[in-house]
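Rule-based calculations on the coordinates, nothing more; no lab input. Quantities reported herein were computed from a predicted structural model and do not represent experimental measurements. Using ideal geometry, Cβ is built from the backbone for each residue, glycine included, and neighbour counts are taken over all protein chains shown.
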Amino acid sequence: RGDPITAIDLVNYNTCNVEMMAYFWLAIENGNCAIFAGGTASGKTSMLNAVSLFIPPLSKVVSIEDTRELTLHHDNWIAGVTRKSLSSGNTGEVNMYDLLRSALRQRPEYILVGEIRGEEALTLFQAISTGHATYSTMHAGDVQTVVNRLDSPPLNVPHVMLQSLDILSIQTQTFVNDKRVRRTHSIVEFTGIDAKTGYIRINELYRWDPLTDDFNRSGDSFVINRIMQA
């Protein structure tokens with residue numbers, strides 16, 4: 001829409017609270033990477049668009065999408081959109097992988113990808129590993145499903161590369177008092193890989209309580225502690 005949903009709108013909708021938005025502000029301003037996951041119409045892209053306002057205004061930003069949904073207010077923003085082939089043999093086709101590979105050559109400080117669903121996922125995690133602040137969405141209902149999808153075809157992200165992701169936000173569409181609402185179900189941080197089991201270590205920071213329709217903080221943030229020590 002012409003007037004995009006902002007972080008203040010999401011707080012007023014109770015999609016998340018002020019403390020969670022302040023957390024995203026600190027994390028994004030300091031270049032930590034995040035993925036927003038959830039089911040269809042759970043508010044993934046709305047969250048991505050809202051927190052993109054926390055990107056420093058003078059940063060170089062590149063967005064990559066199948067359909068234009070993101071609206072940024074940065075002067076140095078390049079919006080990339082895929083293009084279908086108009087002839088046989090895929091001549092002239094430009095897919096997400098092509099756009100992402102091209103974006104890396106432009107040396108952006110921040111990369112926003114509309115949704116990862118194919119081979120571009122590996123390139124995305126390579127960009128994260130090389131120091132680019134990267135944000136994207138994907139279809140998955142919980143943390144384990146996100147890890148399983150990233151590990152499996154067609155995404156095929158090596159397990160060891162998953163630890164380069166900093167934040168995972170799970171969005172959900174649900175009902176509160178018979179009213180359809182969107183909530184941030186949980187925010188977790190990826191803190192590395194367990195040397196003994198090989199599993200991803202996670203730190204759950206916030207979780208939505210459906211009984212009170214409020215958000216509970218469950219621990220200290222590794223991301224904030226790292227920012228404090230930097």
Item to check | Relative contact order of the stretch 27-126, defined on C-alpha pairs under 8 angstrom at six or more residues apart (%) | outcome: 25
Checklist outcome for this item: Using alpha-carbon positions, the gyration tensor of the chain gives root eigenvalues a ≥ b ≥ c; with a/c under 1.5 called rounded, otherwise prolate if a/b exceeds b/c, else oblate, the class is rounded
Checklist entry - Which cross-chain or sequence-distant (5 or more) residues have an amide H under 5 Å from the amide H of LYS60, H modelled 1.01 Å from N in plane? => result GLU109, TYR110
Checklist entry - Remind me, relative contact order of the chain in percent, using alpha carbon pairs under 8 angstrom and six or more residues apart? => result 20
Checklist entry - What ranking, highest mean first, results for peptides 55-62, 83-90, 154-161 when packing means the other Cβ atoms within 10 Å averaged over each residue? => result 55-62, 154-161, 83-90
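Relative to the compact-globule scaling 2.2 N^0.38 Å, provide the ratio for the alpha-carbon radius of gyration of the stretch 1-126.
Rg over 2.2 N^0.38 Å, computed on Cα atoms: 1.11.
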Item to check | Proximal lysines relative to LYS44, as straight alpha-carbon distance under 29 Å, when same-chain residues fewer than 8 apart are discounted | outcome: LYS60, LYS84, LYS179
Checklist outcome for this item: The ³J(HN,Hα) series, computed from each phi in the stretch 22-27 with the Karplus coefficients 6.51, -1.76 and 1.60 at θ = phi - 60°, rounded to the nearest Hz and given as x for glycine or proline, is 5, 4, 4, 4, 4, 5
Checklist entry - For the stretch 33-109 and the stretch 111-133, what is the separation of their Cα centres, given in Å? => result 10
